[in-house]
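For reference, the structure discussed in these notes is given below.
The values are calculated or read from the model by the stated rules, or taken from the named source; none is laboratory data. Quick caveat, the model's predicted, so the values are computed rather than measured. With ideal geometry, Cβ positions are generated from the backbone for all residues, glycine too; neighbour counts draw on all protein chains shown. Side chains included, ligands, DNA and RNA excluded: accessible areas come from the protein's heavy atoms. Shrake-Rupley method; radii C 1.70, N 1.55, O 1.52, S 1.80 Å.
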Amino acid sequence: MDGLLIPLEHVLLVAGILFACGLGGLMLRRNLLFMLMSLEVMLNSAALAFIAAGARWQEADGQVMFLLVLTVAAAEVAVGLGLVLQIQRRYRTLDMDAVTRLQE
Amino acid sequence: MNLALAAIPGLPMLSATLLILFGRQIPRSLGAVLGAGSVGLSAVLVAGQLLAYLDTPTVVTATLWTWMSVADFSAAIAFHIDGLTVVMMSVITGVGFLIHVYSVEFMWEDESFSRYFAYMNLFVGSMLLLVMADNLLLLFLGWEGVGMCSYLLVGFWYKNPANGAAARKAFVVTRVGDALMALGLFVLFTDLGTLDIQPLLLAANLNWEVGGTVPVLATALLLGGAVGKSAQLPLHTWLPDAMAGPTPVSALIHAATMVTAGVYLVARLHGLFLLAPATLTAVAWVGLATLLLAASAALVQQDIKRILAYSTISQIGYMFLALGVGAFSFGIFHLMTHAFFKALLFLGAGAVSHCLHHELNIFRMGGLRTRLPVVFLSFLIGSAALAALPFTAGFYSKDGILLSAFTAPGIGPWLWAGGLLGALLTSIYSFRLLFVAFFGEAQTEPDRKPGLPMAIPLLILCALSLLGGLISQPLDGVLPDAGHPQVPHLIEWISIGVPLLGVAYAYYAYIVRRPSSSPAEAGGDSPVEGFLFAGWRVDALYNLLLVTPYRTLARWCQGEPIDHFYNGVVSLNRLCHRGLAALQTGELRWYATTFVIGLIAVVAIVLRSAP
Amino acid sequence: MTVLLFYLTAALAVFATVVALTRANAAHALIYLILSLLAVAVMFFMLGAPFAAALEVLIYAGAIMVLFVFVIMMLNLGDAGEEQERGWLDARLWIVPGLLTTVLLVEMLLVFGESGVTTSGHSVSPKEVGISLYGPYVLAVELASMLLMAALVGAYHVARRFIDRPGDI
């Protein structure tokens, strides 16, 4: 099946809204788990923007970039969830306002 | 021959080394033998040189070894013996030996007996090096050596901080002159390419025109050195304070030898000075101004040694006057006679204080004429010679200087009149000292009489002060001079008569109308006397102009002003660090928020700059 | 018709995302997030990137989200954690993030502007993607593999239980 003819700005707008949602969630939530989810949303929105651009010029590059974003997301989630486990184990909480040892 | 020459300065230096190394171990008597004996042996060797020279006046030049040789510069340890050197050597070792003998008794009870003789011997060695040197670098070595010995001996009784301060003052003030002299040597070397005295004089005669810039500059710088060493205006302030040292030191260093080094330097390099008439005139005026200032200051001093110190400055002023008017041989003649009578006076003063519980104020002496007859005789003859009464040694030399000054072209009569005024003052202050200290009622009773080691040098010096004027110096061919100056008889009679007038006035003021009470301790009763007492307040002037600003600057620098800048940088960094550290809260959400703010700002900038 | 479907999917994705990020319960949030990701996958498909759509479903909605599920299970947060989360979602806390994101969104709208271009309407086959990946982008593939390796080692190390050294990360 061929793709649709959709104004590029609209796709990008969707990506932008998703990105903003992720960013807002990142600032809003105190739980590390939700912060990681917000990050996923943000990465996903970036991937959407790539795909849109790839569709605009009918090039494979957009999907290649999507693959790289996917890789980064996978890596980030693996390490991030590992940290979630470890922090829960150490501090008995996931509240990032309480975990401020980075200050030192 | 070379060995004998080398031994002349070598013996005192060897003795100094021995005394420094083993001074604590050897007994006093051995120290005395070493100290005085080495100088005595030198004196014998010098006498041999003197006789040889008198027999056949030949210039001896002896190179011992090469001192240094760098590129086209080389300096040797080499001696140059001519008439001038022989005279200087004779004075140094002769008077020096007498003072050493005298010192044996004077310093016998001092705990640092051997240290004293070590310094004294080192001084004699350095001084001999100075006068015997064949090149100016070696001369400068001796020059600095005597300066150092002067410092060490002025501050000999270092436990009293005032003595240390006087020593430092002497050192620092003469250092000004020494720096100038070093600069002068640099000028000479860069311009003429050598520092050996004889080739230097030859080259100067060939290359320099009379009154050129370089000759005037070089000689002016050398004059700076001479002025510093010889305590002439404006660098004379150290000498009165230098009386803090033991009295024989004052006799040797600050009367007979070291302070006349400037005179020797000018005489030795007269060839250069003749090429710079402006400098030579400056020499004469410096001498005149100094002799008047110092003589007037000597009028009101109460400390016997300070009187003699100012007198020394004044007499060296006469020598400079003589050099300035081209009467070099009279300058050297006065140097020699002055060495005799001033050493005599200083040793006499030392004997007085030695026998009088270290009393130095002449108004607390009195009546010593009958109590210390030998010392009285010394002072009588010394003062007469100092005042240039007829037929004493001082008479011949000072008369020669005054008459030579009169014949100087242009400014002659002025110089003569000034010198005459100085002579009047000289006779007044010297006989004031004599009359106040030795006549009248006794204020302090002596507790002992000088022993033989003190008395014999005094008597020998008495004889020299009386008869020294008859010595004819073997200066022919060394210094340019044309016999006795031809002046009107009236001038001659006035020159002879004025000192007698001074004596008469002193007799009237201090014997006939003897002041009933001694004047106030710190100067005189009137402002003028106070002004003179403080040596025309030159010290205060220097304090105001140089010392205080320097101290202020030093204090300012002590606060390390430049560090303030760097401390400021440090403080700023620390402040920034605190600010940045405060940003680092460790709160992830705060980081994210700031991140977003930055992002918004960047996008806003992109939006603004995009068309 | 299908264009309308695209906008519907987009709205669903945005809605699911917003809901997911405002849930107090982590498991619920995760379900909504998966919904959001699936919606995005549909959008990929519609934009002519079937390969990307498939990977989105497989890896994002599949593997990554499963990881989240496992972690949530291991944490075992329970009701107390949910209550706490609800307390943290106070209305006043919304103000600053809401304001900032709105500003950013407006800025992005201004940047995108109205260019009038549309997507091509042609799909890019997996074959083309593969040729591109192992052609000009082979270096990127290598880098990605290194990144994954590093993440593997890092995750293993970070998540390990430190028995002997408490108080130390």
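Relative contact order, percent, of region B:164-275 when contacts are C-alpha pairs under 8 Å separated by at least 6 residues? Worked out over region B:164-275, it gives 37 percent. Taking every protein chain into account, the 1.4 Å probe leaves B:Tyr542 with about 60 Å² of accessible area, to the nearest ten. Between the helical axis of A:61-91 and the longest alpha-carbon principal axis of chain A there is an angle of about 10 degrees. When the Cα positions of A:Ile87, A:Phe66, A:Gly25 are compared along the charge dipole of region A:9-93, A:Ile87 comes out farthest toward the positive end, with charges on each C-beta of Lys, Arg, Asp and Glu.
Counting Cβ atoms of other protein chains within 10 Å of each Cβ in A:86-98 and taking the mean gives 4. For the residues of C:114-127, the average number of beta carbons from a partner chain within 10 Å of their own beta carbon is 6. Backbone amide hydrogens, once placed in the peptide plane, bring B:Asp196 within less than 5 Å of B:Leu136, excluding anything fewer than 5 places away on its chain. Near B:Thr237: Cβ cut-off under 10 Å, other residues only, Lys/Arg at +1 and Asp/Glu at -1. The net charge is -1.
Rounded if a/c is under 1.5, else prolate if a/b beats b/c, else oblate: with a ≥ b ≥ c from the C-alpha gyration tensor eigenvalues square-rooted, which is region B:333-518? Oblate is the answer for region B:333-518, as a/c is 1.5 or above yet b/c matches or exceeds a/b. Straightening the chain between B:Glu492 and B:Arg574 buys 21.1 nm, computed as 0.36 nm per residue apart minus the Cα-Cα spacing.
When the pairs B:Lys229/B:Lys305; B:Lys398/B:Lys449; B:Lys159/B:Lys398 are compared against a 30 Å limit on Cα-Cα distance, B:Lys398/B:Lys449; B:Lys159/B:Lys398 fall above it.
For B:Leu64, the amide hydrogen comes within under 5 Å of the amide hydrogens of B:Ile77, B:Ala78, B:Phe79, counting only partners 5 or more places away or on other chains and with H modelled in the peptide plane. Per-residue surface analysis assigns B:Lys305 an accessible area of about 10 Å², computed on protein heavy atoms at 1.4 Å probe radius.
Ordering B:147-155, C:132-140 by mean Cβ neighbour count within 10 Å, with the highest value first, yields B:147-155, C:132-140.
Counting alpha carbon pairs within less than 8 Å and at least 6 residues apart, what relative contact order, in whole percent, applies to chain A? Display every interim value, and only then the final one.
On the way: 88 pairs, mean separation 27.2, N = 104.
With pairs under 8 Å counted, the relative contact order is 26 percent.
Placing B:Ile494, B:Ile597 in order of accessible area, with the largest value first and a 1.4 Å probe, yields B:Ile597, B:Ile494.
Within the accessible area of the protein assembly as shown, the carbon and sulfur atoms contribute 69%, probe 1.4 Å, all protein chains present. With respect to chain B, whose longest principal axis is taken over its alpha-carbon atoms, helix B:83-106 is tilted by about 90°. Among A:Ala75, B:Asn207, B:Thr370, which residue has its Cα furthest toward the positive end of the charge dipole of the protein assembly as shown, with +1 on Lys/Arg Cβ and -1 on Asp/Glu Cβ? So the residue furthest toward the plus end is B:Thr370. Buried accessible surface for the C/A chain pair comes to about 7600 Å², total over both chains, computed with a 1.4 Å probe. Using a cutoff of 8 angstrom between alpha carbon atoms and counting only pairs six or more residues apart, the relative contact order for chain B works out to 12 percent.
Summarise the partner chain shielding of A:36-48 as one whole number: the mean count of Cβ atoms from other chains within 10 Å of each residue's Cβ.
So the per-residue partner count for this stretch is 5.
When shorter helices are ignored and each DSSP H run of at least 4 residues is given -39500 (n - 2.57), the per-residue value for chain B at 222 nm works out to -23500 deg cm²/dmol. Each of C:Asn25 and B:Ala604 was given a label point 7 Å from its Cα along the Cα-to-Cβ line. The distance between the two points is 4.2 nm. The distance linking region B:373-436 with region B:523-575 is 41 Å (Cα centroid to Cα centroid, whole angstrom). Once all protein chains are placed together, B:Lys449 keeps about 130 Å² accessible to a 1.4 angstrom probe.
For a quick protection proxy, order the peptides B:33-41, C:54-62 by their average other-Cβ count within 10 Å, most packed first.
B:33-41, C:54-62
The residues of region B:559-609 have, on average, 75 Å² of accessible surface per residue, using a 1.4 Å probe with all protein chains present.
Using Cα springs under 10 Å in a Gaussian network model of chain C, which residue among C:Gly113, C:Gly48, C:Gly121 shows the largest mean-square fluctuation? Comparing C:Gly113, C:Gly48, C:Gly121 in a Gaussian network model of chain C, the most mobile one is C:Gly113. Each peptide among B:169-180, A:36-47 gets the average number of other Cβ atoms lying within 10 Å of its residues, and from highest to lowest they stand as A:36-47, B:169-180.
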